[in-house]
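Worksheet: the structure to be examined is printed underneath.
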Amino acid sequence: MPLDFVVPPLDTRLRSALTDKINGKTKPLGALGALEDLALRIGLIQQSVTPQLNLPALMVFAGDHGIAAAGVSAYPQAVTAQMVANFLAGGAAINVFTRQHGLALQVVDAGVNAELVAHPQLIDAKIAYGTNNMLSEPAMTDAQCLKAIQTGAELVAKQFALGCNCIGFGEMGIGNTSSAALLMHSLTGLPLAQCVGRGTGLSDAQLAHKLAVLQQVLVRHALLRQAHTDRPQHALHSLATVGGFEIAMMVGALLKAAECGMILMIDGFIASSALLVASACCPAVLAYCIFSHVSNEQGHQVLLNHFNATALLNLDLRLGEGSGVALAFPLLQSAVLFLHEMASFSEAGVDSNSCCL
C-alpha cells in the first residue's frame, strides 16, 4: 500500500523575523509563555509574519468496529449511529463548542454500521458497515484501508480549495480506543497494558477483560509483534489489521492537510493514533500539528511524549468528538491576534530597555 503524499519539512527561515516580532511587543521577553510558542508555530506553518486563520473547520470521522462484539466498550455499537444523529441534530458537546467558537463542523460517515439519514453536515464516505472483528480476521482489507486514506485526503483537499487553512480532527466510534491502543503498541513497542485505557468508562473488571481481548488479537496477528525495517509499510499493515475506517480516513486527512501547508489541530487519543500512523509514513507531518489537549485516556500523554509534543490544555477530557480541538481553538485565535494587534515598543512609545511590566 504505497502512499504518494509529499509533506515538505517545515521551512524555518522566518523564525528570526517572527521571534523579533514577538519579542518586540509591549511585554517582557517570554511573558506570554506558551502563547508565544504557538504564534511562532502558526507563523512558520503559514510562512508569514502576519498569519491568518481562514475558514477554520473541524471534521469528525465516525466508524464502527467489529471488535465491539467482544465487549471491549461500556456501550453497545449502536451508540455510534445514535451519537452521529445527535451531532447532526446539534445536541452534542461538539456542537456547543463549535458554535461558540465559530468552527465549521462536518461529520463524516467513514464506516458506521447503520444507514444514516442525509443531512447537510453529513458526508457519506462509508467504506463498509463497520470493520471486521479483528479477533478472527484483519479489521479491513488493504484495498479498504487505502480507499479510506484516499477519501480522507480528498475531503481535506476540498476544504483547502474553499480557502480553509486550519483544520481540526475528531472522531466517534464505539470500540475505537481498542484500535488506537493496538496501533500504539504495534508502532511504539510499548507494553500493551500501558496503551490500553478505560475508554468510555470501563470498570476495573471490564478493563481487565478489554486487555485480555486485545492480547488475544495480538496472538491472532503475529506480524504486529515483529520488528520491521520498513516503518511505513508496517504502519499501514497495522492500520489495516487493527485500525478503524475513521482512523484510516484521518490518516489520509492529516497527510493531505500537511501537504497543503494547513494547520492541523489534533484532538485526543484516537486522533493521535491516526497521527502515529501518518507520521510513520511521513515524519514531517508532525511539524504542522498543534496538540489541543491531553486526554484522560491512559496512553495519550505517553503518545504526546513520543511525539515530543506539549498539549495546549489539560482538562481531563475523555469525550472525543474533537471537543479538545474546539476548546483550544480560541488560543490559536489569541496567538494570531496578539501578533496583529498588540503594539510594539516603538509604536507605543515604550522604552524596551526599561520595560518591567
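The values are calculated or read from the model by the stated rules, or taken from the named source; none is laboratory data. In this text, all values refer to a predicted model and were calculated from it rather than measured experimentally. Cβ: placed from backbone, ideal geometry, glycine included. Neighbour counts: every protein chain shown.
Annotation: of all residues in region 160-178 being among the small types (Gly, Ala, Ser) and over 16 Å from Glu321 (Cα atoms), the one that is surrounded by the most Cβ atoms within 10 Å (Cβ to Cβ) is Ser178. Yes or no: region 200-213 includes at least one residue that is in the same structural domain as Ala81 (by TED's automatic domain parsing) and under 27 Å from Gly261 (Cα atoms). No: region 200-213 contains no residue that is in the same structural domain as Ala81 (by TED's automatic domain parsing) and under 27 Å from Gly261 (Cα atoms). Across region 304-357, the number of residues qualifying as of a type in the set (Phe, Trp, Tyr), over 25 Å from Asn54 (Cβ atoms) and touching a His at 6+ places or on another chain (Cβ under 9 Å) comes to 0. Within region 320-338, can one find any residue that is among the small types (Gly, Ala, Ser) and part of a loop (DSSP other than H, G, I, E, B)? The answer is yes, given that some residue of region 320-338 is among the small types (Gly, Ala, Ser) and part of a loop (DSSP other than H, G, I, E, B).
Of all positions in region 292-303, at least one carries a residue that is surrounded by 24 or more Cβ atoms within 10 Å (Cβ to Cβ), in a helix (DSSP H, G or I), hydrophobic (A, V, I, L, M, F, W, C) and in contact (Cβ under 8 Å) with a residue 40 or more places away in the chain.
Only a single item in (1) out of contact with any Leu (no Cβ under 6 Å at 6 or more places or on another chain); (2) part of a helix (DSSP H, G or I) is not met by Ala309, and it is number (2). Condition check for Leu183 on (1) under 21 Å from the mean Cα position of the chain (by Cα); (2) farther than 29 Å from Val302 by Cβ; (3) outside any loop (DSSP other than H, G, I, E, B); (4) not acidic (Asp, Glu): one failure, at (2). Condition first: hydroxyl-bearing (Ser, Thr, Tyr), surrounded by fewer than 18 Cβ atoms within 10 Å (Cβ to Cβ) and touching a residue at least 24 places away in the same chain (Cβ under 8 Å). Can you find one or more residues in region 66-84 that meet it? Checking region 66-84: at least one residue is hydroxyl-bearing (Ser, Thr, Tyr), surrounded by fewer than 18 Cβ atoms within 10 Å (Cβ to Cβ) and touching a residue at least 24 places away in the same chain (Cβ under 8 Å). None of Ala287, Ala248 is more than 24 Å from Gly199 (Cα to Cα), out of contact with any Ser or Thr (no Cβ under 6 Å at 6 or more places or on another chain) and in contact (Cβ under 8 Å) with a residue 24 or more places away in the chain except Ala287. Taken over region 118-149, the residue count meeting the criterion of being hydroxyl-bearing (Ser, Thr, Tyr) and in contact with a strand residue (DSSP E or B) (Cβ under 8 Å, 6 or more places away or on another chain) is 2. When we screen Leu312, Leu339, Leu319 for residues that are over 17 Å from the mean Cα position of the chain (by Cα) and buried (at least 16 other Cβ atoms within 10 Å of the Cβ), the only hit is Leu339.
Does Gln333 satisfy the condition of being free of Cβ contacts under 8 Å to residues at least 24 places away in the same chain and out of contact with any helix residue (DSSP H, G or I) (no Cβ under 6 Å at 6 or more places or on another chain)? Judged against the criteria, Gln333 is not a match.
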